[in-house]
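One structure is given below, encoded as structure tokens.
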Amino acid sequence: MSATPQAAEIPPQAPRGEAPPGHNVQLYESDDFLEGVVTAYLQEGLQQDAGVLLLVTEERWAGLQRRLPCLRADATDAGRDLPIRVLDAQQVRDRVFVDGVLNERLFRRFIDAALGAVRRRAPGGRVCAYGELVDMLWREGHAKSAVQVERLWNEALSGRAASLLCAYHTHGAHGAHGAMDASAMELICHTHAQVSPAESFLHLETDEERSRAVSLLQHRAGATSELAARKAAEDALRSRQGELAEQARQRDQSIAVLGHELRNPLTAILCALRLARSGKPDAVERAVALAERQVRKMSHLIEDLLDVTRLSHGKIRLQREPIEVARCVEQAVEAIRPLLAARRQRLSLALPAEPTLLLGDPVRVEQILSNLLHNASKYTPDEGEIALRAGVVEGMVELAVQDTGRGMTTEFIARVFEPFAQSEPWDAGSGGGLGLGLSLVRELVELHGGSVRAHSDGLGRGSTFVVRLPLPAEASIPTSRMAG
């Protein structure tokens, strides 16, 4: 029998989720009450020869040590030999949240490793866990992230001899109008097998008092939900109006840029034709070279526009195969070398010492790298520096392009991969462009089952774009093997 928290039964009105047995939640108002519940829960688990896994803050850990002497560092040898593992909740959060977003794969790996380590030491082969990470997220207003973590815990607990107690402070469950956020709390409850009420409910002596308290909470929750729904609808309407206005602005700007991008090559070709009419051999040769360059530029522009259309209609099909990372980099670099030479920019490469494969479409992977390098060159001043490094990180091939260019604001990073995104109005000094290159990078990377992110410390401090693409199924997957 798995350990369960010692708390009163929840009223029948409370929702039940599809959580595995043993994943329970305790609502609380005071730390003293919660620590009493957690202590009883842990004591029951230890008495049943279960191992203990604690994911707690420093403050909660200190409180539990005061109540449960066997947890203290100065406990007896027998106490220290207990199968107990303590992890800092804040450190775990920093590890599994990347740029403020929960990395589900990292969290799954963390849960599996932690549960497995405790279970192997437990005499009974069972695990009794208490997790405070969700309460941290909840109290900071990140209810969706808390629910996401709870669902990942449910996946990990399914089929395992393990129980998990989570807790939520009732103040964290209040919305802007001071009443309980019913929709958020309902999601929380549905991720647990049992929900135990806070201490103020337990102090009510009669069924009538408890029913009155539940009715009052439901009334307040309903009022809050109605107000929240109305406010959400208004916010969504304003947001949509803003999005449409921004789309219209970007469309107008893109049409203007497209006019520049098409007019300039055509003007150059016209000049080349006039030059060729002179009949002089050297003039004809220069005219042909000029016309070829401009035709290639127009062809690239039109191909980008067509690719955007193909991707939006799902008409691009990848020809995936294991391909050598170094070969992809070499081909992309060769395509960009003339531009780098013209601007006297320096390119440094850091590739894996041993052959490394990725699973992808060779043509499209080269396009991804070429677009990133072209973007880096475009926004890096003459004689600037660009670096490309590749390696294997967390079971994926990672390709990073870093430059010493103009950098980006935080606001622009949020939309840098959107079609036609421009950090500022078009100007010839940046080399022009429709703002399609990075949009194509994101679409092609995600089509490969990978991810891409952008980073910059601000204007004038350069930018870094990091792409992750899958390894072939038969490749070995080290945790980290990054060049450079």
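The values are calculated or read from the model by the stated rules, or taken from the named source; none is laboratory data. A quick note: this is a predicted structure, and the numbers were derived from the prediction, not measured. Neighbour counts run over all protein chains shown; Cβ positions are idealised from the backbone, glycine included. Heavy atoms of the whole protein, side chains included, go into the accessibility calculation; ligands, DNA and RNA do not. Shrake-Rupley method; radii C 1.70, N 1.55, O 1.52, S 1.80 Å.
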Looking for whichever is modelled with pLDDT of 75 or more and surrounded by 18 or more Cβ atoms within 10 Å (Cβ to Cβ) here; the options are A161, A167, A179. Which one fits?
A167
Restricting the search to segment 332-356, which residues are of a type outside the set (G, A, S), at pLDDT 90 or above and open to solvent by less than 90 Å² (accessible area, probe 1.4 Å)?
V333, L340, R343, Q345, L347, L349, L351, P352, T356
Evaluate segment 345-363: report whether one residue or more is farther than 22 Å from A400 by Cβ and of a type outside the set (S, T, N, Q).
no
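Residue-wise test of (1) under 22 Å from R105 (Cβ atoms); (2) part of a helix (DSSP H, G or I); (3) at pLDDT 90 or above.
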site	(1), (2), (3)
G391	yes, no, yes
V397	yes, no, yes
V401	no, no, yes
M408	no, no, yes
R415	no, no, no
W426	no, no, no
G433	no, no, no
R453	yes, no, yes
Which of (1) open to solvent by less than 70 Å² (accessible area, probe 1.4 Å); (2) at pLDDT below 90 is the odd one out, the single condition L55 does not satisfy?
(2)
Pairing a residue in segment 225-241 that is under 20 Å from E186 (Cβ atoms) and modelled with pLDDT under 80 with any residue that is surrounded by 10 or more Cβ atoms within 10 Å (Cβ to Cβ) and among the aliphatic types (A, V, I, L, M), where Cβ atoms lie under 7 Å and the two sit 6 or more apart in sequence or on different chains, gives S225/A182
Has segment 62-81 got at least one residue that is assigned to a loop (DSSP other than H, G, I, E, B) and touching a residue at least 60 places away in the same chain (Cβ under 8 Å)?
no
